[in-house]
Amino acid sequence: MLAIMLREIRYLKRYKADLFMAIIAPLLVIILFGSMFSAGKPDHLPIVVIDQDQSEMSRKVIHALSVNHTIKIKTITTSQDEAEQLINKTDAWGFVFIPEGAEQRLVSAQDAQISIAYNQSFFSVGNTISSAMLISTLNGIAEYMGDDYLSNTIPYIKMPTPHIKISTLYNPNMSYELFLEPFMVPAVLHLLLCCCVAFAVGQEFKRNTFNQWVTGGNSIHTLLGKLLVYVLIFCFWTWCWMFWLSNIRGYFIAGSICLILTAQFFLYFAYAVISSSVVLATQDLAKTFGFLALYGGSSPSFSGITLPLNNAPVFTQIWSMLIPYTPYAKLQTEQWVIGSDPIISLIPLSILIAFSALFFFVSIRLLRKLTQEQCV
């Protein structure tokens with residue numbers, strides 16, 4: 001097995017394209033996503049305030065909106081058409097509409113008819129600004145009612161306005177870096193690993209070196225020697241990225257780091273043996289890459305990270321269970337962010353091990369069959 005691993009390393013040294021895909025490309029992926037999410041979350045997203053009331057209450061609301069760092073008031077206008085034009089051009093992401101007579105209706109215990117609209121076609125941005133605009137508007141109204149209207153109308157009675165504390169668990173800063181980067185980096189790297197393994201095995205057929213690869217060792221050592229080189233390389237880059245995120249960026253690991261590292265190894269090994277099984281079965285790189293693009297490329301979407309699977313169709317839920325990335329994403333969330341009891345994460349880890357064992361067995365059977373055919 002060691003001899004085959006050394007053979008694979010010499011192969012990487014000889015063919016620069018493969019060396020780039022296995023060594024340099026993972027580093028570029030880490031740099032790309034690290035730079036993309038380094039800001040944590042989007043701030044100062046432009047919005048419009050339509051102030052037709054121009055009252056003390058509307059001034060309080062505008063002040064509350066202006067001090068919220070998530071949003072930035074691009075302009076204050078009295079025309080709704082102007083606000084809609086800015087949103088259509090994506091120069092603004094939403095608006096707060098304060099109609100004429102809003103303050104008078106509010107103090108008369110009527111509906112102030114204040115409305116909020118936002119662009120939800122950009123899902124994450126839409127959710128971010130909608131929460132910021134709603135909270136700031138409510139804060140402005142509460143400040144007006146408590147500090148201005150009630151204190152002036154009933155000066156001898158202290159009437160406190162209700163306060164409701166909202167706490168965000170596990171990601172209090174709502175950082176995209178903590179939410180998305182720990183999922184996107186392994187998602188891209190495991191797809192890159194699949195391509196490297198498929199190409200490495202497929203080249204044995206293309207260059208007529210299959211006999212050299214399988215001669216002199218049993219099938220288990222032959223397969224492990226080739227696959228472990230790539231699995232260990234991608235594990236190394238993933239561990240370097242984890243060090244950057246947890247020690248440099250400060251997103252500490254709340255649970256067991258040993259479980260996460262173990263899960264990452266079996267994640268990459270599972271996809272490596274899946275890739276080798278497909279290329280050994282088809283002996284066609286084009287078909288293999290097509291399957292890997294569908295199977296590996298769908299991992300983030302069907303693992304329940306960005307899109308919930310609670311009410312998803314049966315096909316979607318079954319497809320999610322057939323992807324090794326799904327239990328890994330669950331385990332990583334439990335151990336990195338939440339800090340769950342390690343016993344809880346043994347279930348997704350067992351599923352990863354089962355995927356690895358199943359497809360390793362399939363790869364061994366296919367390799368032995370091909371070896372016998374070559375001998376005949």
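A short reminder: the numbers here are calculations on the coordinates, not readings from a lab. Keep in mind the model is a prediction, meaning the values are calculated, not measured. Here the Cβ is made from the backbone with ideal geometry for all residues, glycine too, and neighbour counts use every protein chain on show.
From least to most packed, judged by other beta carbons within 10 angstrom and beginning with the fewest, 282, 333 follow the order 282, 333. Take every pair of alpha-carbon atoms less than 8 Å apart whose residues are at least six positions apart; their mean separation over the length of the stretch 46-109 yields a relative contact order of 52 percent. A straight Cα-to-Cα reach below 21 Å connects residue 72 with the lysines 41, 60, 89, residues fewer than 8 places away in its own chain not being considered. Among the listed pairs 226/369; 13/369; 206/330, those whose Cα-Cα separation exceeds 28 Å are 13/369; 206/330. Axis of helix 123-143 versus longest Cα principal axis of the chain: the two differ by about 30°, to the nearest ten degrees.
Each of 50, 372, 329 was scored by the projection of its Cα onto the charge dipole of the chain, and the greatest displacement toward the positive side belongs to 372; charges sit on the C-beta of Lys, Arg, Asp and Glu. For a straight C-alpha distance cut-off of 16 angstrom, the aspartates and glutamates reachable from residue 16 (same-chain residues fewer than eight places away being disregarded) are 8. The charge dipole of the stretch 45-153, taken about its Cα centre with unit charges on the Cβ atoms of Lys, Arg (+1), Asp and Glu (-1) only, comes to about 360 debye.
Using the alpha-carbon atoms, what tilt in degrees (0 to 90, nearest 10) does helix 285-297 show relative to the longest principal axis of the chain? It works out to around 30 degrees. Note on the stretch 45-153: dipole from Cβ charges, positive end direction compared against 144, 126, 73; the farthest Cα belongs to 126.
With a Förster radius of 41 Å applied to the C-beta separation of residue 257 and residue 365, the computed FRET efficiency comes to 0.70.
Loop only per DSSP, at most 12 neighbouring Cβ atoms within 10 Å: give me the chymotrypsin sites (Phe, Trp or Tyr not before Pro) in the stretch 221-313, ordered by residue number. Passing both the DSSP loop test and the Cβ count: 252. Once the Cα atoms are used to define both axes, helix 181-206 deviates from the longest principal axis of the chain by about 20 degrees. Between residue 248 and residue 109, the FRET efficiency from the beta-carbon distance, with R0 = 41 Å, is close to 0.15. Consider the candidate values (i) 24.5; (ii) 30.2; (iii) 21.9; state which one is Kirkwood radius over Cα pairs in Å computed from the structure displayed. From the options (i) 24.5; (ii) 30.2; (iii) 21.9, the structure gives (i).
Beta bridges per DSSP, both residues in the chain: antiparallel share near 30 percent.
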